[in-house]
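Here the structure comes first, spelled out in structure tokens, and everything after it is commentary.
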Amino acid sequence: MRAHRRRVVAVAVALALGAGSAAADVKIAFIDPLSGGGASTGILAQKTHQFYIDAINAAGGINGEKIELLSYDNKVNPQESLIQLKKALDEGARYLVQGNGSAVALALTDAVQKYNERNPGKEVLYLNYAAIDPALTNDKCSFWHFRFDADADMKMAAMTSAIAGDKKTQKVYLINQDYSFGKAVAAAAQKMLAEKRPDIKIVGDELHPLQKVQDFSPYVAKIKASGADTVITGNWGNDMVLLIKAGRDAGLKVNWDTYYGGTPGTVSAVREAGVDTLKQVSEWHKNAQPDLDTTVAAFDKRFPGAENEYAYWRAKTMWEMFAAAAKKAQSNDPAKVARALEGMKMSTPLGDVEMRADNHQLLQPLYVSTLEKGQKYDAEGTGLGWRTDTKVDGKATALPTTCKMERPK
Amino acid sequence: MLELATISLLNGIVYGLLLFMLSSGLTLIFSMMGVLNFAHASLFMLGAYCSWQLGRWVGFWPAILLAPLLCGLIGAAIERYGLRRVHGRGHVAEILFTFGLAYIIEEVVTMIWGRNAVANGVPSAIDFPLFTVFGTQFPAYKGLMMAISVAMFVFLYLMLQRTRIGLVIRGALTHPRMVAALGHDVPGVFVLVFAIGSALAGLAGVIGGFMLLTQPTLAHVVGPIVFVIVVLGGLGSLAGALIASMLIGILQTFAVAIDYSLLDALRALGIAVTRGSPWYDVAAIKVATAAPMIPYLLLVLMLIVRPRGLLGTRDA
């Protein structure tokens, strides 16, 4: 009897252990702002990633294992991110997902690169879905970093091509945030406009403090005084919303060529004043396809409400590619998945995409769109929606790279 | 040039009056109660949220009255059931109490209204250009804001200096026992002062919410600048706060318009700083880029040169 009981216990323990090892999921660390000023973007991204991960898990996971998303709050701070990365590694994460803030991304690629050199066989793979400083896939590129958003230069190339085609554009004003990304946007605009339309005059090149300005009226007064007909800005978050709000208040009549005109709050801040004038460059917008993608519709249903307006199409591409790469590698080992991702091609509802092998930058279609009335799907319930002006195919967005990647043997 | 100067002056005045609106309630509470209320900006934020929420239920005009009233009631409750208890334990306890309160209000606001900004647009009743100078529109809501800000100053000044209740309030600060012995309800006076200060913060929030973004970080965003004004103007001085607000508003606005750096000034004097010099990077910073630093620079200088502030009567 006692022996029997012991055997039962042993079986139970074995079962429990067995269940434990089957549940030894692929842990993915999501390190982004979940509190403070950047929380709204961070939490929306978190929901989007979780949404697509759930879809992969529902379809059986990757190589029979389920994906588990662990979230870490970095408050958009590079130092804090490194601490959170260490925590994530201690908890067994082998993949890292981050997007908000290029300064954070630069710190993380560096840390991941060093960690992987020191810990062969336990490498970590970094999936970047939003940090778009060009340096990350050029001078500071790393074998362990893959970027799924078009970088600042690629977006600027699409934007300047659209501007160059508009003969009415004569004077351009650049206003950007004073840090690595904002400076990269300004430099790219200067260079590309000089190449494509040397007759265009750049009448201002402004850098303002990052997320510190409350009243943009003084800047708008300067733009007005310069006589600009077009403003180019890489501003995001509050800086985007407040800038366009101040422009509307002052009755400033310019074309706004933006990276993040789709930032939540921007369309409702500018409203009718943005019709025909507010433009954005993005990999997706609600009217990019005739009908809303089924996953986007499902996301809207699962996360209703204004603060959950779908924004990260690239997350869909990223997770589908990730699952495909793991399948191709027949392994969930980051080093093998990384090899499989290199040069990987996929077709999406919007067109073909390709992960460049030389610098790990995803090539995907880009849209230049303008805010218009009478679109099928509107933004933020305003009745105004984005309309595609130009679509650039993935291949055509490729730019030369200075990346010299050190590949592990 | 004239165009930019005129618009900048106008923008400076608007920004200055916004800052005064923000800090008047804080100045009142500090000068009458000696409490440095760290939750002041949070009440400002509550005012913005309440006016947005009430505006959806009862319309904008009733909301502009009800929101400050609600903030005043919340302020009264804070004083009566919180601050009064810690009052006896000295200023550190008070500051820590209001500090903690600021965090609680932020979390509550996040829980109720979410992390994203609510669409607190300017109501259509005041959403039109008031006038146009040099082709730049001046929106009506900014005009309303200026009027309210000036009215706040006049109201506070008259109330404190010309009315009986003002006399009692001022007396209660310096001689609480004597005022109580004369039959006045001193604790009641403190509740009233805190409620008025909170209501003013709420009113500022109603209008400020249109200009800034109504989101849970709003208190964080305006908190530091409010303290700069109160210290710069002289702790507890209403007129000082007004002068400091206008000074910061106008200086900062004009600084943004100046695209010159120290480098240009030195060059004009015939001094060349080469790229190799360790000072090059510092000297090359444009005045415009350094503009948001100005209030804090003034704060530090003021504390060194004149710790009591512009019109203050006691040291910070």
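A single member of B:272, B:268, B:241 is within 23 Å of the chain's Cα centre (by Cα), more than 14 Å from every other protein chain (Cβ to nearest Cβ) and over 28 Å from residue A:177 (Cα atoms), and it is B:241. Among the residues of the stretch A:71-96, the ones that are among the aliphatic types (A, V, I, L, M) and more than 18 Å from residue A:122 (Cα to Cα) come to 2 in all.
Do we have any residue at all in the stretch A:193-205 that's within 22 Å of the chain's Cα centre (by Cα), outside any helix (DSSP H, G or I), over 24 Å from residue A:362 (Cβ atoms) and not polar (S, T, N, Q)? No: the stretch A:193-205 contains no residue that is within 22 Å of the chain's Cα centre (by Cα), outside any helix (DSSP H, G or I), over 24 Å from residue A:362 (Cβ atoms) and not polar (S, T, N, Q). The stretch A:327-409 holds no strands (runs of 3 or more DSSP E) entirely within its bounds that carry 3 or more residues that are touching a His at 6+ places or on another chain (Cβ under 7 Å) and hydrophobic (A, V, I, L, M, F, W, C). Restricting B:65, B:46 to those that are surrounded by fewer than 19 Cβ atoms within 10 Å (Cβ to Cβ), under 14 Å from residue B:199 (Cβ atoms) and among the hydrophobic types (A, V, I, L, M, F, W, C) reduces the list to B:65. Within the stretch B:204-260, the set of residues being within 20 Å of residue B:46 (Cβ to Cβ) and either hydroxyl-bearing (Ser, Thr, Tyr) or outside any helix (DSSP H, G or I) (or both) comprises B:212, B:213, B:214, B:215, B:216, B:217.
The residue of the stretch B:96-125 that is farthest from the other protein chains (Cβ to nearest Cβ), among those that are closer than 19 Å to residue B:207 by Cα and surrounded by fewer than 19 Cβ atoms within 10 Å (Cβ to Cβ), is B:125.
Can you name the condition, by its number, that residue A:173 falls short on among (1) over 22 Å from residue B:136 (Cβ atoms); (2) among the hydroxyl-bearing types (Ser, Thr, Tyr); (3) more than 10 Å from chain B (Cβ to nearest Cβ); (4) buried (at least 19 other Cβ atoms within 10 Å of the Cβ)? (1) is the only condition that residue A:173 fails.
Every condition in (1) within 26 Å of residue B:45 (Cα to Cα); (2) within 14 Å of another protein chain (Cβ to nearest Cβ); (3) among the hydroxyl-bearing types (Ser, Thr, Tyr) holds for residue B:132 except the one numbered (1). Restricting attention to the stretch A:316-359, the residues that are of a type in the set (D, E, K, R) and either at positive phi or crowded, with 22+ Cβ neighbours inside 10 Å (or both) total 1.
Among the residues of the stretch B:221-243, is there at least one that is touching a Pro at 6+ places or on another chain (Cβ under 7 Å) and surrounded by 18 or more Cβ atoms within 10 Å (Cβ to Cβ)? So far as the stretch B:221-243 goes, yes, one or more of its residues are touching a Pro at 6+ places or on another chain (Cβ under 7 Å) and surrounded by 18 or more Cβ atoms within 10 Å (Cβ to Cβ). The set of residues in the stretch A:280-294 that are over 18 Å from the mean Cα position of the chain (by Cα) and not acidic (Asp, Glu) comprises A:287, A:289, A:290, A:292, A:294.
The single residue among A:37, A:42 that is surrounded by 17 or more Cβ atoms within 10 Å (Cβ to Cβ), modelled with pLDDT under 95 and in contact with an Asp or Glu (Cβ under 6 Å, 6 or more places away or on another chain) turns out to be A:42.
Does residue B:233 satisfy being small (Gly, Ala, Ser) and on the phi > 0 side of the Ramachandran plot? In short, no.
The values are calculated or read from the model by the stated rules, or taken from the named source; none is laboratory data. All values reported here derive from a predicted model rather than from experimental measurement. Positions of Cβ are generated from backbone atoms using ideal geometry, with glycine treated the same way; all protein chains shown enter the neighbour counts.
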